[in-house]
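A short write-up of the structure that comes next.
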Amino acid sequence: MFHIQQQFEQVANGLARQAQGATTRRIKLAQKIVQAKLTGSMTQKLTIQQVKANRREAGLVARARDVKILLQWFEPDVMALAGPDLAERQELFDVFAHFTISW
């Protein structure tokens, strides 16, 4: 079971890093748009890129948050030594697996 938890944490951390990277890219695009406006350059292409970056960031942030919530739920309810009996743990694990497969 330790390996499952470790892999789950790696997924959660990877999504958090992707979300942070998306935020950084969005901020850099916003700075490029400000610079382009100051120099009188065309900003239409940058604006389209920024809209896409905003959507990507929002999706990644939401997914990272959701996975973190699932991880916080998974550890004490499914992985804890003391807790529900085996049948209930298996049911909880099945619910957890259903959520993760849908991504």
Practice problem: Hey, can you tell me all the residues within segment 8-27 that are without any contact (Cβ under 8 Å) to a residue 60 or more places away in the chain and not hydrophobic (A, V, I, L, M, F, W, C)? | Solution: Gln10, Asn13, Gly14, Arg17, Gln18, Gln20, Gly21, Thr23, Thr24, Arg25, Arg26
Exercise. Spot the failing condition for Gln5; the list is (1) without any contact (Cβ under 8 Å) to a residue 24 or more places away in the chain; (2) in a helix (DSSP H, G or I), and only one is missed.
Key: (1)
Quiz item: Can you tell me which residues in segment 36-82 are acidic (Asp, Glu), surrounded by 15 or more Cβ atoms within 10 Å (Cβ to Cβ) and modelled with pLDDT of 85 or more?
Solution: Glu57
Quiz item: Do the conditions hold for Ile101, that is, is it out of contact with any Pro (no Cβ under 6 Å at 6 or more places or on another chain), of a type outside the set (S, T, N, Q) and at pLDDT 75 or above?
Solution: no
Quiz item: Is it the case that segment 48-57 has a residue that's assigned to a helix (DSSP H, G or I), under 27 Å from Ala97 (Cα atoms) and under 12 Å from the mean Cα position of the chain (by Cα)?
Solution: yes
Self-check item: Leading residue by the ranking (farthest from the chain's Cα centre (by Cα)) among those in segment 6-47 that are of a type in the set (D, E, K, R) and closer than 23 Å to Gln72 by Cβ
Solution: Glu9
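The values are calculated or read from the model by the stated rules, or taken from the named source; none is laboratory data. It should be emphasised that the depicted structure is a prediction, and the values quoted were computed from it without experimental measurement. Here the Cβ is made from the backbone with ideal geometry for all residues, glycine too, and neighbour counts use every protein chain on show.
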